[in-house]
Amino acid sequence: MYFIGLDLSINNTGVVVIDRKKNIIDYLFFRNTLYKQTNKITVSERFHENDHVNLSMKIIFVARKILELVEKYENAFVGIEGYSYHSKSNSITKLAELGGCIKMELLRRGFRYDVFTPCTVKKCVTGNGFAKKFEVMDECIAHIKKIPWIDEGDKVFDLYDALSIALFARVFYFMGNKAFKQDKIVWKKIF
């Protein structure tokens, strides 16, 4: 059984796969036009966000790469970070388009998934629902033994967010909705 955390974004997407024992099995990271998977960096075409055709192509590109990774783990439960409603309306629209594509394809391919609010995941990882990205990173580093991207530092905050989502998805898979109500119990089980 695998658990996959998706921290979706048009520019900085993190995807992390963990097993039942919380070991990091695989990951994928996009920063603007780069994507990084298991220590290889590949440059894709440069996308201009103001061009709607190129934006659609970028969404397809990012969705395709994410789904290629997810399909390697056929019995996975996928956790997706919900939308941050404090974002600018233009970026939330783009994120919703990407999220819709991913969710539709996950369902079409038979994967189970759920969506978790950023505050819920942050609270269960750090104890503070409004924690900063570096606080999430620090908790992950303190509790997870082998993080393959550790040398990248704070350039890959989104991978730590994706790891946190995968960890919460693992707890949610076993506890169901109780995971939302019992913060202290969840915090002990998340790490």
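The values are calculated or read from the model by the stated rules, or taken from the named source; none is laboratory data. These numbers were taken from a predicted model, which means no experiment stands behind them. Ideal geometry is used to build each Cβ from the backbone, glycine not excepted, and the neighbour counts take in all protein chains shown.
For region 144-155, the candidate set comprises residues that are surrounded by fewer than 13 Cβ atoms within 10 Å (Cβ to Cβ) and within 24 Å of F77 (Cβ to Cβ); within that set, the residue that is modelled with the lowest pLDDT is K145.
Report, by residue number, each residue of region 1-26 that is part of a loop (DSSP other than H, G, I, E, B) and among the charged types (D, E, K, R).
Let us first name the residues in region 1-26 that are part of a loop (DSSP other than H, G, I, E, B), namely 1, 8-11, 20-23.
Those that are part of a loop (DSSP other than H, G, I, E, B) and among the charged types (D, E, K, R): R20, K21, K22.
Every residue, every condition in (1) within 21 Å of D26 (Cβ to Cβ); (2) among the small types (G, A, S); (3) in contact with a Cys (Cβ under 6 Å, 6 or more places away or on another chain); (4) buried (at least 16 other Cβ atoms within 10 Å of the Cβ), yes or no:
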position	(1), (2), (3), (4)
V136	yes, no, no, yes
F157	yes, no, no, yes
A162	yes, yes, no, yes
F168	yes, no, yes, yes
Y173	yes, no, no, yes
